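Below is one structure, written out as structure tokens; the observations come after it.
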Amino acid sequence: MARARRRFGQHFLVDPGVIDAIVDAIAPAREDVLVEIGPGRGAITEPLVRRCGRFHGIELDRDLAAALARRYADTPHVTIHEADALRFDFATLGGNLRVVGNLPYNVSTPLLFHLLDARAAIADMHVMLQNEVVERMAASPGVKAYGRLGIMLGCFFDIEPLFTVPPEAFEPAPEVVSAVVRLRPLPDSAMQPRDAGALSALLARAFSQRRKTLRNALRDVAADADFAAVNIDPRLRPENIAIEDWIALSDRLATATDNASRTR
Ligand code: SAH
């Protein structure tokens, strides 16, 4: 079998107990459309294919994609796409997609942001990541792991860490502990930012200077009147601001910008 390719972040699952636990967590049903990112040698692909109605695998490694395509050539409900998941347009596969994957860790953060942009087409996601990333995704205000990734995902998804997976479950073993996490879209009634791009930019600015107070970190984009309008104490630090407050601040700044450009 081909050697694992480091640049593709390849760590193949080999522990049958972990494979079962992941498939059980996903609980695929006959009517489900599954999209697996990076099926690799097919460790979880096979049990998923057996239980779902339609399956798409997106694999970047040309040799692995070809081997999968050969294996499923006579399985009409399976399609293998040799493609980069970071550039893949998930909406072309339809809606209500159940996204799964033992994600390539070297691109996990950009991939999560890409999936966030595709959220309208997604029913839920079950992904394996470095445990450290899962901790950031699920972090509450006030802890060091709390930041842009968790806030952006938390605006749109319920984030539920399921279980950790030790390095020995993979071949080759990664250097870090991994974890499986479930993301489910929040109802449309949940408070969501009017402009996700603006919120993301605001968070990037604030958390690049996370030791500073909000007033200092955001001096160029927010005035004391803005903080007052949304009831945020500008002497706090970025990591102490709850998701709803970030949304309120971002919406307020967007409105202020609209007004400014209108009067100009
Ligand atoms: N799901 C398999 C393999 C996980 S390793 C298992 O659990 O055993 C990560 C897989 O993602 C590898 O097969 C790697 O080739 C693939 N991959 C890496 N970068 C990718 C990208 N940008 N798009 C799609 N697949 C990618």
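The values are calculated or read from the model by the stated rules, or taken from the named source; none is laboratory data. Bear in mind the structure is a predicted one, so any value in this text is a computation, not a measurement. Cβ placement follows ideal geometry from the backbone for every residue including glycine, while neighbour counts extend to all protein chains displayed.
Okay, here's what the table says:
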| quantity | calculated |
| --- | --- |
| Long-range neighbours under 8 Å by Cβ, at least six apart or interchain, first residue within 11 Å of Leu97 (Cα to Cα) within region 25-39, second part of a loop (DSSP other than H, G, I, E, B) and within 16 Å of the ligand (Cβ to nearest atom) | Asp32/Cys52; Val33/Cys52; Leu34/Pro28; Leu34/Cys52; Glu36/Ile44 |
| Subset of region 5-16 (residues that are without any contact (Cβ under 8 Å) to a residue 60 or more places away in the chain and more than 8 Å from the ligand (Cβ to nearest atom)) | Arg6, Pro16 |
| Qualifying residue in region 168-182 (condition: in contact with a Lys or Arg (Cβ under 8 Å, 6 or more places away or on another chain) and either more than 21 Å from Val23 (Cα to Cα) or among the aromatic types (Phe, Trp, Tyr) (or both)) | no |
| Any hit, region 208-218, residues being touching a residue at least 24 places away in the same chain (Cβ under 8 Å) and closer than 25 Å to Ala121 by Cα | no |
| Unmet requirement for Asp84, which otherwise passes all of (1) in contact with a Pro (Cβ under 6 Å, 6 or more places away or on another chain); (2) within 8 Å of the ligand (Cβ to nearest atom) | (1) |
| Criterion violated by Gly142 - all others in (1) assigned to a loop (DSSP other than H, G, I, E, B); (2) within 11 Å of the ligand (Cβ to nearest atom); (3) under 25 Å from Ser200 (Cα atoms) satisfied | (2) |
| Residue within region 230-238 that is closer than 30 Å to Leu162 by Cβ, surrounded by 15 or more Cβ atoms within 10 Å (Cβ to Cβ) and modelled with pLDDT of 95 or more present | yes |
| Criterion (under 27 Å from Arg30 (Cα atoms) and in a helix (DSSP H, G or I)) met by exactly one of Leu112, Leu149 | Leu112 |
| Any hit, region 71-82, residues being touching a helix residue (DSSP H, G or I) at 6+ places or on another chain (Cβ under 6 Å), more than 22 Å from Ala27 (Cβ to Cβ) and touching a residue at least 24 places away in the same chain (Cβ under 8 Å) | yes |
| Candidates Arg182, Arg194 - the one that is crowded, with 16+ Cβ neighbours inside 10 Å and within 30 Å of Asn96 (Cβ to Cβ) | Arg182 |
| Residue in region 124-132 that is at pLDDT 95 or above, of a type in the set (S, T, N, Q), within 18 Å of Arg148 (Cβ to Cβ) and in contact with a helix residue (DSSP H, G or I) (Cβ under 6 Å, 6 or more places away or on another chain) present | yes |
| Filter result for Ile232 (of a type in the set (Val, Ile, Thr) and in contact (Cβ under 8 Å) with a residue 24 or more places away in the chain) | no |
| Filter result for Asp158 (without any contact (Cβ under 8 Å) to a residue 40 or more places away in the chain and over 23 Å from Ala254 (Cα atoms)) | yes |
